[in-house]
1. Can you tell me how many residues within the range 467-489 are buried (at least 22 other Cβ atoms within 10 Å of the Cβ), modelled with pLDDT under 95 and touching a Ser or Thr at 6+ places or on another chain (Cβ under 8 Å)?
2. Among the numbered conditions (1) farther than 20 Å from Asn364 by Cβ; (2) assigned to a helix (DSSP H, G or I); (3) in contact with a strand residue (DSSP E or B) (Cβ under 8 Å, 6 or more places away or on another chain), tell me where Val306 comes up short.
3. Please find, among Leu347, Leu356, the residue that is surrounded by 21 or more Cβ atoms within 10 Å (Cβ to Cβ) and under 23 Å from Ile219 (Cβ atoms).
4. Any idea which of Leu341, Leu390 is surrounded by 21 or more Cβ atoms within 10 Å (Cβ to Cβ) and at pLDDT below 95?
5. What about Ile216, is it surrounded by 18 or more Cβ atoms within 10 Å (Cβ to Cβ), of a type in the set (Val, Ile, Thr) and without any contact (Cβ under 8 Å) to a residue 40 or more places away in the chain?
6. State which residue is farthest from Gly303 (Cα to Cα) when the search covers only the range 328-358 and only residues that are outside any strand (DSSP E or B) and under 25 Å from the mean Cα position of the chain (by Cα).
7. When you scan the range 129-174, how many residues do you find that are surrounded by 17 or more Cβ atoms within 10 Å (Cβ to Cβ) and among the polar types (S, T, N, Q)?
8. Just to check your reading of the model, which residue among Glu361, Glu388, Glu383 is assigned to a helix (DSSP H, G or I) and farther than 18 Å from Met230 by Cα?
Amino acid sequence: MLYKDLAEYYAKLESTTKRLEMTDILTDMLKSADAEEIRQIIYLTQGKLHPDWKNEPELGLAERTAIQAIAQAVGIETDKVQKALNKIGDIGIVAEELVKNKSQMTIFEQEPLKVIDVYSKLDKIAKTTGEGSNKRKIKILAGLISDASPLEARYILRTVTGEMRLGIADMTILDALALAFTGDKANREFLERAYNLTSDLGEVAELIATKGLNAIKNIKIIVGRPIRMMAAQRLPNAKEILEKMGGKCFAEYKYDGERIQAHKDGETVVLYSRRQEQISEQYPDVCEYIRKYVKAKQAIIEGECVAIDLSTGKMKPFQELMQRKRKYDISEKVKELPVKLFTFDVLYVDGMDYTLKAFTERRNKLSKIIDESSEITLTTGKEIHTPEELLDFFDDAIAEGCEGIMAKSMSENAIYQAGARSWLWVKLKKSYQEGLTDSVDLVIVGAFYGRGKRAGVYGTILAAAYDPDTDTFQTVCKLGSGFTEDDLEVLKQRLEPITLEHKHPRVVSEIDADIWFQPKYVIEVLGDEITLSPIHTCCKGKISQDAGLAIRFPRFISWRDDKSPEEATTPEELINMYKQFLESKG
């Protein structure tokens, strides 16, 4: 495929906000591609070069580097490119306009760029390191821009700076793959299962394109390749939880730590975050725990890594654990912030896939392969039969410093639903007492400029819940409290590179923000109550025809960098919280 054809598909995607239209455009794009290049096309469409878990160098060039490459390619001064960027605000459009001007003065036609060639050069840029690497990156990128048409330049620059702005979600790509290569959208479930087991959409696409649906159905777990994690629903009422679970459940403490998926293959141990990123270097001590205490040659287990205060034996909050994110002085952090791993699930052991086995069988197997110690243990848990038992267990968990409890179905069909938010797991966190004391995880989608002391930074942000049924982000509050001056600076640094000229296609909002963002960052938010709102779109029409739900007096608590936007709080969870809040008020 020529890159100009791919760029034209991208332009069509960018011009619509309708998911069905996006699916049709993607389907046509995939049908027109050669099977040998389908993997690279998928990655480019996702705005990356490799799956996150492969720990391969990715793009994301500094704005200054991209400006220098454009200037070199079109033969003008860098300050002229910077001036254009300041005016336009989109480096892709800047490159498109400047290349267009250069093209009008050029009498020679360039050799058409192919997708594979563009991908290879972008990969080369990402992997260029060492002394003088920035100059070499600029040279390669400038050469690529020189060979590009104006439209191609737009998407090359957006790709290298990590700002594709297509509004395409992985689930939409899966729909298109099903239509393009099987002719039936219903086959998306098999592709999604394959994606959940491989965490590699490019591989899934290549497999369906080259070997067909049977190969997709027969895909297997591979140790060392992360499985997309199962997520829980939320209910605030013990009685409702037990009814949902069929009268009984297995309850576990819910720890305030970082969820980890550990892969053991002999002495090799790799740890993955819930976003499928390798985090082994942050937790060398946990890797050693897995080697020492997991009694299996090959295994994939999940657990919660929690910081421990050695002087008291008590658990420290998640925010302190996040100091382990530092890339330097990890050995010092290991001493300063010792951790304990509380294991709660097993997905694979010595050739056996446990994701299709019931929870009770998985828990039993986990207990047999973990040699418990002060460094690694199973989560505290027990079988529950009454709401009173569940509440007593909940109180015990809170007293121990936990966030709450996780209730898990004990039915025969309680498999590990990789990549899904399932009612087989339900979390019960802090209940409603004096106001809304259970936090929610929301996605930043827009902002309003600050005034007075906050001039020059974002004064208020617009936050949204994620609706998995429509694959959209629906607004639920405007948030301006809880930020320190440092927080506001971090907010600005993070959000400026992902600004948009218009509302993102996956954002549903009736509020006109001053500035819009790609849905990328998740924050933890605490409010006083949930109320009906005529201006917010979350749950609109589900409780009231004319109103959605809103969080009143929301306050920023922390960044949730361990969560993807699709792992944010859902409308269904907010509806349950709203109903419980009304009950608590009588």
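The values are calculated or read from the model by the stated rules, or taken from the named source; none is laboratory data. Note that the structure is predicted; figures quoted are calculated from it, not measured. Here the Cβ is made from the backbone with ideal geometry for all residues, glycine too, and neighbour counts use every protein chain on show.
1. Within the range 467-489, residues that are buried (at least 22 other Cβ atoms within 10 Å of the Cβ), modelled with pLDDT under 95 and touching a Ser or Thr at 6+ places or on another chain (Cβ under 8 Å) number 1.
2. Exception for Val306: condition (2).
3. Details: Leu356 fails: surrounded by 21 or more Cβ atoms within 10 Å (Cβ to Cβ).
Within the list Leu347, Leu356, the selection yields Leu347.
4. Numbers: Leu341 fails: at pLDDT below 95.
The unique qualifying residue is Leu390.
5. On the way: surrounded by 18 or more Cβ atoms within 10 Å (Cβ to Cβ): yes; of a type in the set (Val, Ile, Thr): yes; without any contact (Cβ under 8 Å) to a residue 40 or more places away in the chain: yes.
Here the answer is yes, as Ile216 does meet what is asked.
6. The first filter runs over the range 328-358 and keeps only residues outside any strand (DSSP E or B), leaving 328-338, 350-351, 354-358.
Restricting the remaining residues to those that are under 25 Å from the mean Cα position of the chain (by Cα) gives 328, 330, 354-356.
Details: Tyr328: 25, Ile330: 21, Tyr354: 15, Thr355: 15, Leu356: 19 Å.
If we take residues in the range 328-358 being outside any strand (DSSP E or B) and under 25 Å from the mean Cα position of the chain (by Cα), then Tyr328 is farthest from Gly303 (Cα to Cα).
7. 5
8. Values: Glu361 fails: farther than 18 Å from Met230 by Cα; Glu383 fails: assigned to a helix (DSSP H, G or I).
Within the list Glu361, Glu388, Glu383, the selection yields Glu388.
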